[in-house]
Every structure is written in structure tokens, then in C-alpha cells.
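Working notes, beginning with the structure itself.
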There are 2 protein chains.
Amino acid sequence: MNTSDHTSKQFDVELEAIRAYVLQMGGLVESQIKSAIVSLVDGDVALMNRVIEDDHRVNAMEVKIDEACSQVIARRQPTASDLRLVMMVVKTITDLERIGDEAEKIARMAKMLSQKHGLAIPRYNEVKHASEIAVDMLRKSLDAFARLDVQMAADVVRQDDLVDDEFRSIMRYLITFMMEDPRTISTSLEILFVAKAIERIGDHAKNISEYVIYMVKGRDVRHVTRDEIEREIQ
Amino acid sequence: MNTSDHTSKQFDVELEAIRAYVLQMGGLVESQIKSAIVSLVDGDVALMNRVIEDDHRVNAMEVKIDEACSQVIARRQPTASDLRLVMMVVKTITDLERIGDEAEKIARMAKMLSQKHGLAIPRYNEVKHASEIAVDMLRKSLDAFARLDVQMAADVVRQDDLVDDEFRSIMRYLITFMMEDPRTISTSLEILFVAKAIERIGDHAKNISEYVIYMVKGRDVRHVTRDEIEREIQ
């Protein structure tokens, strides 16, 4: 029996389990974002509370996967691309955990907003639309992660501009809204912070995609321009 | 010659180099925050530009340290606390890099503000004060990192509340300011985002401190309550 083959096979099995767990964590995080936005739009306080409470599940998954990664490194001593794969996981789950935090923040802001009765709440449609782009980015970044698909990862990097545009457009609108009726300022700021949280989710999805490109191409694209990324994946 | 001792000594030498490099990166990031705030308060456009340009230096350091960590894992195959130490570095530099991003954002917002001539800019003193707490947190978290000092790390975790309080107090003031004179809304929002960036810097310093506690205590305190952390470090 070839020990190295055996080690490598064991490594594959363990890594596959870790990857499945990351996707499961990604699924939970995705559902946290969606629930946070639904709770905001519907004013569903029970759902807001559930999102806030469930954040600990996301956190627990991060800790568990982190430990599994350390164990697989200590036991299997991977090198080269195997090691890069594990490091990709370690970084990915940090971003997933922070997306979970943003979902929790959205639910908390939704609670603040739900206590402001009788005020017209502006721009829910736009916020919802921005969140749909962010969720789409997250889903694609996890697909890219699962299949090590650099084309899809590059798509996500491109898409990040859309979320940023949405954020700026919501902000411009809110500024006008606040100027016309200064009594809406406090409410508008809550909406603005919700939009900011969505923008952050897009940033984290972009980070995850950049780790995938690094993993596959062996070159760190985290701090290079869009054009260079396009050239790199050709 | 004992191979294991030799390996361990080599590991120590390489790890020491990595740690020194992390502290150097931390020093650069600290100076980026300070310069960003000085440029904002003094309206120094040349300094704003320098902060924006220098962000690539922070990014380059992250990539380099990341690679050094992967190399040390592949070559020295550390386990247990040695491995935890390397993983602590990998996570720490991610937070340092993002603090660098926040400093760059502050400099960009300072540029926007510097173009708004003739407007009273509110709450610079409070913003400066908040930034001083955040810088102090960063410095302490790096000290805690360098000396694996859990008491100091726990101090930083406690201090995070102060930055959050400062942020909320700046926000409350700005809401009143905007309501009294809606023409200041756009400017006030820039200030608010500067305050938000400072709050984020505090969050990242807290993250770094929590990695130190994990490293030393072997228990992940990232998602436990303040009281539990206090008990843990006793």
C-alpha cells in the first residue's frame, strides 16, 4: 500500500466533509439574509428575533470548521494546492461568519424600524432589490467555491459594482427624502444602514470569490484590478 | 542531532520573522489611520492622497505574510499550539488589511468633505477622540499579539464598547444637526461614515485580541459573552 496515496485519499475524504460543511454554513447564512430582509419588509418581529437568535448557529459552524481545518493540517500535513485549499476554507468561513453578522444587524435595524409606527418607510423595494443581488453573489461565490469555477468567481467580482451602485442610488434618494422632510432623518438613517449592510455582504461574497481564483490560479488577485483578474482567468 | 529539536528551532526562527513582519504591518496600518484622521481634520489633500496610495503597501504585506505562513506550514508541519500560532497570524493579517481599507475610506471621505467649501463641519473633535480610542485598541491588540498577553487582549475587548458609545453619540448629535439645518445632511452623512469606519476599526482590533485569547487559552472566545471571557482568562 502506498502511504502517500493513502494519506492523500484520507485527506480527500476529510476535505470533502469540510467542503460540504462550508456549503451548509453558506446555506444557513443565505437563509439568514433572506429572512432578515423578509422580516424588514413584512414588519415580522417574530422573524426578526429568530434571525438574531440564529446567528449563534452561524458562529458555531465557523468555530467547528476552523477546528476541522486545523486538524486536517496537523494530521495530513498537506502542501501546495492541498494546503491552499484548506487555507481557502479558513478564509471563506471568516467572511461567511461576517455575512451572518450583517444579517443579524439588518434584523436589529428592522426591529428599530418596526417600533416607529406611522412613518412612511422609504425605499423598501430598492433595498430588497439590492439584497437580491447580494444573495445572488453569495450563492454564486459558493458555487464557485464548490466547483472551483474561476469564471463564476470572476462574475461575482464584476457584480460587486452593481451592489455598490444600488447603495449609492438608495443613499442619494434618502438624502432628498430627508431634506424634504427632516422628521424622517432618523428613520432614513436606519434604512441607510440596512443598505450599507447589504453592500458589505456583497464585499464578503467578492472576497470569497477572490479566494477561489487564488486557489485555482495560484496567484493572489485580492488586490489587483478587475482587468488583471479578467486576464488572469483567461 | 535531534531532528525534532532542529525542526522546532527552525520553526521558531521563521515564526519570529513572521511575527516581526506582522508587527511592522500593524505599525503601517496604525500610521495610515492616524494620517487619515489628520488629513481630515487639517483638510490636507496631499496627505489624503498619500493615505489612499499607500493602501497598496498594506495589501502587499498581507499577501507576503500569507505566503510565508503557508510556507512555514508546508515546510515545518507544525501541530498543536505551533499551528494555532500560525493560524492566529493568518487571521490577524486579514483584519489588519481591512483596517487599512477603512483608513483608505476615511481618506476618501475626507476628500469629498474637503470639496465642500464654506460648510461648517460638525463634530471633528468627537471623531478625533473616537479614532484615538480605536488606535489605542489596535496598538494594544498588537502588543497582546506580540506578547501573547491575554489580560491586555481582554482589555481591548472591553474597550470596544467605548468606541461603539462614541459612534452612537456622534450619530445622535448629527441627527439633531441635520434636523436643524437640512442643508447639512449630505456633509453630515460623510462624517457619519467616517465615524462608522472608526467603529469598524475597533471591531477589527477586538477580533485580533480574541484570536490571541484563543491562541493562549486554546478556547475560541470569538462568540462568547464578555463575562465568559473574563472567567476564561482568570
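Each reported figure results from applying straightforward, stated rules to the coordinates on display, with no laboratory input. Treat the numbers as computed from the prediction; the structure is a model and nothing was measured. FYI the Cβ positions are ideal-geometry reconstructions off the backbone, even for glycines, and counts take in every protein chain you see.
Sparsely packed loop sites in the range A:102-168 (the trypsin sites (Lys or Arg not before Pro) outside DSSP H, G, I, E and B with at most 16 other Cβ atoms within 10 Å) comprise A:Lys116.
Over every pair of different alpha-carbon atoms in the protein assembly as shown, take the mean of 1/r and invert it; report that Kirkwood radius in Å. Spell out each step's value before the answer.
Details: mean 1/r = 0.0431 Å⁻¹.
With all distinct Cα pairs of the protein assembly as shown included, I get 23.2 Å.
To one decimal place, what Kirkwood hydrodynamic radius in Å is obtained for chain B from all pairs of distinct Cα atoms? Over chain B, the inverse of the mean reciprocal pair distance is 18.9 Å. What the phi angles of the range A:151-157 give under the Karplus curve with 6.51, -1.76 and 1.60, with θ = phi - 60°, is a coupling list of 4, 5, 4, 5, 4, 4, 4 Hz, glycine and proline written as x. Sorted from greatest to least, the principal axis extents spanned by the alpha carbons of the range A:45-116 come out as 56, 16, 11 Å.
Couplings 3J(HN,Hα) for the range A:62-73, derived from phi with the Karplus relation 6.51 cos²θ - 1.76 cosθ + 1.60 (θ = phi - 60°), are 4, 4, 5, 5, 4, 5, 4, 5, 4, 5, 5, 5 Hz, where x marks Gly and Pro. For A:Lys9, a cut-off of 14 angstrom between C-alpha atoms picks up these aspartates and glutamates, skipping any fewer than 8 places away in its own chain: A:Asp82.
Which of the pairs A:Lys111/A:Lys140; A:Lys34/A:Lys140; A:Lys105/B:Lys128; A:Lys64/A:Lys217; B:Lys34/B:Lys111 have their Cα atoms more than 21 Å apart in this structure?
Working: A:Lys111/A:Lys140 30 Å; A:Lys34/A:Lys140 15 Å; A:Lys105/B:Lys128 26 Å; A:Lys64/A:Lys217 28 Å; B:Lys34/B:Lys111 16 Å.
Checking Cα-Cα distances, A:Lys111/A:Lys140; A:Lys105/B:Lys128; A:Lys64/A:Lys217 exceed 21 Å.
Here the simple spin-label model places points 7 Å from the Cα toward Cβ, and for B:Tyr124 and B:His56 these points are separated by 3.0 nm. Residues of the range B:87-114 with amide nitrogen under 19 Å from the 7 Å Cα-to-Cβ point of A:Leu148? Within reach of a label on A:Leu148, which here means backbone N under 19 Å from a point 7 Å along Cα→Cβ, the range B:87-114 contributes nothing.
Sorting the Cα pairs of the range A:140-234 by distance into bins of 5 Å, from 0 upward, gives 3, 14, 20, 17, 12, 9, 8, 7, 5, 3, 1 percent per bin. Neighbouring Cβ atoms from other chains, within 10 Å of the Cβ of residues in B:190-201, number 1 on average. With N counted as the residues of the range B:122-169, its alpha-carbon radius of gyration over 2.2 N^0.38 Å works out to 1.25. Summing Cβ point charges (Lys, Arg +1; Asp, Glu -1) relative to the Cα centre of the protein assembly as shown gives a dipole of roughly 20 debye.
Fully extended, how many nm does the chain gain between B:Gln10 and B:Gln115 (0.36 nm per residue separation, minus their Cα-Cα distance)? Before the final figure, lay out the partial values.
Details: separation 105, 0.36 × 105 = 37.80 nm, distance 5.38 nm.
Roughly 32.4 nm would be gained on extension.
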